[in-house]
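Presented below is the structure to which this report refers.
The values are calculated or read from the model by the stated rules, or taken from the named source; none is laboratory data. Computed from a predicted structure; not experimentally measured. Neighbour counts run over all protein chains shown; Cβ positions are idealised from the backbone, glycine included. These area figures cover heavy atoms from the full protein model, side chains too; ligands, DNA and RNA do not enter into them. Shrake-Rupley method; radii C 1.70, N 1.55, O 1.52, S 1.80 Å.
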Amino acid sequence: YYRFPTLHSDRLVFVSEDDLWAVPAAGGVARRLTANLGAVSAPFFSPDGGWVGFFRQGQLEKVTVSGGATVVLAQAPNNRGGTWGPDGTIVFASGNQVGLSKVSADGGAAQPLTTIDRARERTHRYPAFVPDGSAVVFTVGGSEDATFDDARIDVLSLATGERKTLVNGA
């Protein structure tokens, strides 16, 4: 079955048989990008569509859209989504109860980007850059453990570090 599809102008990438596959957006034959890696999940494109970031076995990795060898970028023990900004920064959630982190698309040490307010939050996940790359939108899981009934959608300005809630009860 197909999981985590993502689309970039002329192609769709999805996970099937625990590997990444690409198919032209207009239709055609799917082509395997990774071979027998196992447990691949949550792909996302680079802004130019030339690379695909994804998670596998506790790591954030990337591969070109033509396939081949993968490149490990950072540790991500329990992924909860990633996004690739126009300046070459990747923002990702490396676990269930941690803030967002950032790393260069060239690799290196991941740096914290957000901090969870333990009194009212339990998770930051599923980040997405706004089109100009100036901010990141993400899901904030509230204190309710079993559901996301009290979740929010927040936006973080990368220039100022200011964080605002866009939607409550999201």
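Where the centroid of each part is defined by its Cα atoms, how far is the stretch 89-159 from the stretch 6-36 in Å?
So the separation of the two Cα centres works out to 26 Å.
Could you please state how large a percent of the accessible area of the stretch 1-116 is carbon and sulfur, counting protein chains only and using a 1.4 Å probe?
51 percent
I'd like the Karplus ³J(HN,Hα) series for the stretch 125-138: coefficients 6.51, -1.76, 1.60, θ = phi - 60°, whole numbers in Hz, and an x wherever there's a Gly or Pro.
7, 6, x, 8, 5, 6, x, 8, x, 7, 8, 10, 9, 7
Would you pull out the residues with amide H under 5 Å of Ala74's amide H, same chain only if 5 or more places away, H placed 1.01 Å from N?
For Ala74, whose amide H was placed from the backbone, the distant partners under 5 Å are Leu60.
Name the residues whose placed amide hydrogens come within less than 5 Å of the amide hydrogen of Gly95, ignoring near sequence neighbours (fewer than 5 apart) on the same chain.
Residues meeting the amide H criterion: Asn78, Arg80.
Per residue, how much accessible area does the stretch 48-131 show when a 1.4 Å probe rolls over the protein heavy atoms, in square angstrom?
Working: 3710 Å² over 84 residues.
Solvent-accessible surface per residue comes out at 44 Å².
Please list 112-125, 80-93 highest first by mean number of surrounding beta-carbon atoms within 10 Å per residue. Before the final figure, lay out the partial values.
Details: 112-125: 16.4, 80-93: 21.3.
Result, highest mean Cβ count within 10 Å first: 80-93, 112-125.
State the extension gain, in nm to one decimal, for the chain segment bounded by Ile153 and Ala30, taking 0.36 nm per residue of separation less the distance between their alpha-carbons. Could you put the intermediate results ahead of the total?
Details: separation 123, 0.36 × 123 = 44.28 nm, distance 3.39 nm.
Length gained between Ile153 and Ala30: 40.9 nm.
What FRET efficiency do you get for Glu17 and Val72 if R0 is 30 Å and r is their Cβ-Cβ distance, rounded to the nearest 0.05?
It comes out at approximately 0.90.
Which ³J(HN,Hα) values, rounded to whole Hz and listed in residue order, are derived for the stretch 15-27 from phi using the Karplus coefficients 6.51, -1.76 and 1.60 in 6.51 cos²θ - 1.76 cosθ + 1.60 with θ = phi - 60°, glycine and proline given as x?
The phi angles translate into 9, 8, 6, 6, 10, 8, 10, 10, 9, x, 4, 7, x Hz.
Once phi is turned into θ = phi - 60°, what whole-Hz ³J(HN,Hα) does the Karplus curve with 6.51, -1.76 and 1.60 give for every residue of the stretch 40-54, x standing for Gly and Pro?
6, 8, 6, x, 8, 8, 6, x, 8, x, x, 10, 10, x, 6
What percent of all Cα-Cα pairs in the stretch 99-157 falls in each 5 Å bin, counting up from 0?
Going from the shortest bin to the longest, the percentages are 4, 17, 25, 24, 16, 9, 5, 1.
Could you tell me which of Ala42, Gly67, Thr139 has its Cα farthest along the dipole of the chain towards the positive end, charges placed at Cβ (Lys, Arg +1; Asp, Glu -1), taken about the Cα centre?
Ranked along the dipole, the leading option is Gly67.
If eta is 1.567 mPa s and T is 4 °C, what Stokes-Einstein diffusion coefficient results for the chain, Kirkwood Rh from Cα pairs, in µm²/s?
79 µm²/s
Would you please give the FRET efficiency between Thr160 and Asp48, computed as 1/(1 + (r/R0)^6) with r the Cβ-Cβ distance and R0 = 41 Å, to the nearest 0.05?
Once the sixth-power term is evaluated, E becomes 0.95.
Roughly how big is the stretch 23-170's charge dipole about its Cα centre, with Cβ charges of +1 (Lys, Arg) and -1 (Asp, Glu), in debye to the nearest 20?
Numbers: 13 positive and 13 negative charges, 68 e Å.
For this selection, approximately 320 debye.
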